[in-house]
Amino acid sequence: MARAFKLPDLGEGIHEGEVLAVMVEVGDDVKEGDPILEVETDKAAVEIPSPYTGKVEEILVKPGDTVKVGQVLMSFS
């Protein structure tokens, strides 16, 4: 069963950010805590760790995309 990963609340009233890098590809095995995305907000660039251990099933964003807190970014199996 696929598990959706949504952009978490990055704090300090930040509601969106720009994807700088996608550090995984579809089919990659990741462990919880591995960096999967780099997102830049108006405050800083932040590496986002994987909340799951599993295989990357789908990636819905690419570098340059603006993403909002709560938006689904990728899914894991």
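Tell me which residues, restricted to the stretch 1-26, are over 15 Å from Thr53 (Cβ atoms) and part of a loop (DSSP other than H, G, I, E, B). If the condition is that a residue be over 15 Å from Thr53 (Cβ atoms) and part of a loop (DSSP other than H, G, I, E, B), then Leu7, Pro8, Asp9, Leu10, Gly11, Glu12, Gly13, Ile14, His15, Met23, Glu25, Val26 are the ones that fit.
In the stretch 52-77, the residue that is nearest to Ala2 (Cα to Cα) out of those that are part of a loop (DSSP other than H, G, I, E, B) and open to solvent by 50 Å² or more (accessible area, probe 1.4 Å) is Ser77. Which ones in the stretch 15-43 are over 12 Å from Val61 (Cβ atoms), open to solvent by less than 40 Å² (accessible area, probe 1.4 Å) and free of Cβ contacts under 8 Å to residues at least 40 places away in the same chain? Result: Gly27, Thr41.
Select from the stretch 29-51 the residues that are assigned to a loop (DSSP other than H, G, I, E, B) and over 17 Å from Ile14 (Cα atoms) and write down the one among them that is nearest to the chain's Cα centre (by Cα). That would be Ser50.
The values are calculated or read from the model by the stated rules, or taken from the named source; none is laboratory data. This one's a predicted model, so the numbers in the text were calculated from it and none came from an experiment. Quick reminder, even Gly has a Cβ in these numbers, built from the backbone with ideal geometry, and neighbours come from all protein chains shown. These accessible areas exclude ligands, DNA and RNA; they are computed on the full protein's heavy atoms, side chains included. Shrake-Rupley method; radii C 1.70, N 1.55, O 1.52, S 1.80 Å.
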